[in-house]
1. Give me P(r) over the stretch 118-223, computed from all C-alpha to C-alpha distances, binned every 10 Å, as integer percentages.
2. Specify the angular offset, from 0 to 90 degrees and rounded to the nearest 10, of the alpha carbon long axis of helix 265-277 from the longest principal axis of the alpha carbons in the chain.
3. Which whole-Hz couplings ³J(HN,Hα) result when phi for each residue of the stretch 40-55 is put into the Karplus expression 6.51 cos²θ - 1.76 cosθ + 1.60, θ = phi - 60°, listed in order with x for Gly and Pro?
4. Near residue 46, which aspartates and glutamates are there with a Cα under 14 Å away, not counting those fewer than 8 places off in the same chain?
5. Calculate, for residue 141 and residue 70, the FRET efficiency according to 1/(1 + (r/R0)^6) with r their C-beta to C-beta distance and R0 22 Å; round to the nearest 0.05.
6. What's the extension gain from residue 242 to residue 32 if we count 0.36 nm per residue and subtract their Cα-Cα distance?
7. On a 25 Å Cα-Cα criterion, which of the cross-link pairs 142/216; 41/142; 142/193; 98/216 come out too long?
8. Using helices alone, what [θ] at 222 nm do you get for the chain, with -39,500 (n - 2.57) per DSSP H run of 4 or more residues, divided over all residues and rounded to the nearest 500?
Amino acid sequence: MTTSPSPGLYIVATPIGNLSDMTPRAADLLINADMVLCEDKRVTAKLMHHIGAHTPLRRYDDHSSDGDRESILGMLGDKVVALVSDAGTPLISDPGYKLVRAARAAGYEVYTLPGPSAAIAALTLSGLPTDRFLFAGFLPSKQKARRDAIAELAAVRTSLVLYESGPRLGACLADLAELLPGRDGAVSREITKLHEETVTGTLAELAERYADGGPKGEIVIVIGPPPSPEAASDDDLDAAIDLALQDLSPSRAAAKVAGDLNIPRKRAYARALERAKS
């Protein structure tokens, strides 16, 4: 950085694997900060050593107390405090949003130094639609809660991005394959690391592949959007219209059939009028 950073909270993205992905701006900020907040000092210490930084480290995670947060806020008026996660962009399935919210509420400046994110990297590797997607983080570990969460996601007509651990991968994919039938997927692990791997296929194929256990390393699951429903044929439409006309007027029959077959109401109404006359 060409000038000394102003006091405040800095959200700093760090590499998800390959340390060469560290941006010069992020490295410079960590070197010149007064304090670096991190999930695990041992993990962040390796990164700090790599960039030659000797900034004090302080643990901040989901278990940090309100008192810890207040203590950190007390520094932001005249200190540069950086927030990092073990890997990638902080606050993405990592602690930190409460601190950011509290800092803003107290009137302190909050800055971001963007960089790597496993979720975005996996999307680019998947070959699945990326124009719209939903990041759902980690699903619950217990099967019933996980299946309930998947059932909620089933209605979302976009690509889905999930994080998962190796030991739970097989069970998670089995539930996904059953509750999201017909969808394509991708499993990425160790992104940017030596053993980086992305496996693609249908969710059923992936569930079979990993049925006996998942690989080691950080895992991202990307799921394609649901397949488009097949357009109703004229024969299907006529049959549905004839059945509805037994109890309903052409207008109401058209409305019902249009909803049932997911077709334009105008098409259904025109056909209802013709069938009502015959």
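1. Values per bin, smallest distances first: 16, 55, 27, 2.
2. For helix 265-277, the angle is close to 10 degrees.
3. Values per residue, Gly and Pro as x: 9, 4, 5, 5, 5, 4, 5, 5, 4, 5, 4, 9, x, 9, 10, 5 Hz.
4. List returned: 86.
5. Values: r = 32 Å, r/R0 = 1.45.
According to the calculation, E is roughly 0.10.
6. This chain segment gains 68.0 nm when fully extended.
7. Pairs exceeding the cut-off: 41/142; 142/193; 98/216.
8. So the calculated ellipticity at 222 nm is -12500 deg cm²/dmol.
Since every read-out is calculated from the coordinates, none of them should be taken as a lab result. Source: prediction; values computed, not measured. Quick reminder, even Gly has a Cβ in these numbers, built from the backbone with ideal geometry, and neighbours come from all protein chains shown.
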